[in-house]
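For reference, the structure discussed in these notes is given below.
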Amino acid sequence: YRDTAYEKDLTGKKILVTAGPTREAIDPVRYITNHSSGKMGYALARVAVARGADVTLVTGPTEIKKPMFVKIVPVTTAKEMFEAVKEEAADADIVCKAAAVADYRPKHIADEKVKKSDSEMSLELEKTDDILKYLGEHRKDGQFLCGFSMETENMVENSRKKLEKKKLDMIAANNLKVAGAGFQGDTNQMTLITKEDETALPMISKEETAACILDKILECMNK
Ligand code: CTP
Ligand code: CA
């Protein structure tokens with residue numbers, strides 16, 4: 001679909017990519033997380049660096065080999081990702097927020113392992129900061145913000161709402177119900193949504209998807 005030979009068309013651009021899940025501790029042995037593998041974000045970082053960009057990757061815990069020639073900032077929690085992204089976004093030309101950030105975290109983290117009892121238990125959760133929404137509201141001039149969304153229904157409509165609510169330039173939408181798309185696999189079938197248009201990509205590798213996302217970002221920035 002898209003050749004993966006690259007020209008250095010991102011030379012001089014600083015790109016901040018986030019990838020992977022976050023982990024929110026319940027106690028010293030347990031945490032809340034999601035199925036994100038980090039593959040889409042890592043593909044973006046690899047392709048962007050091959051195209052000459054200065055790339056920073058803020059990454060939650062993943063099993064993937066760290067790409068070379070990329071500044072790696074490892075984080076665990078949504079709070080840590082928020083702090084790292086605020087710092088790294090300050091001089092970024094493009095931000096691609098592929099990470100699957102936890103929306104809620106346990107309100108209290110127990111110091112000791114929580115022991116089971118004979119009764120039910122419940123966890124009190126509090127909201128995490130919406131990192132991308134913060135970036136949309138504190139955007140530096142000319143910075144391009146690309147979000148990612150994972151939906152199981154009404155993909156385009158829900159993603160458009162996120163594009164507007166978070167003041168983004170683009171959102172790359174994923175339908176979790178499509179076989180071969182989503183968290184763990186090596187392929188994706190994304191729709192790139194901007195204020196003006198929608199580009200439905202076919203089912204292709206995450207590397208090709210990354211290349212198409214970066215092509216579309218450059219096209220929008222050069223308009
Ligand atoms: N995001 C973020 N900070 C959060 C939650 C999400 O920066 N606390 C970012 C993600 O990295 C992604 C985009 O927002 O780029 C959309 O994430 P998604 O989970 O699809 O949307 P939410 O706004 O969290 O809404 P919901 O989970 O209810 O669909
Ligand atoms: Ca979410």
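Taking the number of other C-beta atoms within 10 Å as the exposure measure, put 220, 96 in order starting with the fewest.
Ranking 220, 96 by Cβ neighbours within 10 Å, fewest first, gives 220, 96.
Using r as the Cβ-Cβ distance of residue 141 and residue 65, and R0 as 35 Å, what FRET efficiency do you calculate, to the nearest 0.05?
0.50
If you rank 56, 152, 194 by fewest surrounding Cβ atoms within 10 Å, what's the result?
In order of increasing Cβ crowding within 10 Å: 152, 194, 56.
Any idea what angle helix 78-89 forms with the longest principal axis of the chain, computed on alpha-carbon atoms, 0 to 90 degrees, nearest 10?
Once rounded, the angle reads 30 degrees.
Tell me, 119, 36 in order of fewest to most beta-carbon neighbours within 10 Å?
If I rank by nearby Cβ atoms, fewest first, I get 119, 36.
What are the ³J(HN,Hα) values, in whole Hz, obtained from phi via the Karplus relation 6.51 cos²θ - 1.76 cosθ + 1.60 with θ = phi - 60°, for each residue of segment 174-181 in sequence order, with x given for Gly and Pro?
10, 9, 5, 7, 7, 4, x, 10
Between the DSSP loop rule and a limit of at most 12 other Cβ atoms within 10 Å, which trypsin sites (Lys or Arg not before Pro) in segment 92-133 are left?
Answer in residue order: 107, 113, 115, 116.
May I ask for the percentage of alpha-carbon pairs in the chain that lie more than 25 Å from each other?
38 percent
Restricting the count to DSSP beta bridges whose residues both fall in segment 11-140, what percent are antiparallel, rounded to a multiple of 5?
Counting only bridges with both partners in segment 11-140, antiparallel ones make up about 30 percent.
In whole Hz and in residue order, list the ³J(HN,Hα) couplings for segment 212-222 that follow from phi through the Karplus curve 6.51 cos²θ - 1.76 cosθ + 1.60, θ = phi - 60°; x for Gly and Pro.
So the J values, rounded to whole Hz, are 5, 4, 5, 4, 5, 4, 4, 4, 5, 5, 8.
Here, each number is a calculation from the coordinates, and none is a lab measurement. Remember, predicted model here, so these are calculated numbers, not experimental data. Neighbour counts run over all protein chains shown; Cβ positions are idealised from the backbone, glycine included.
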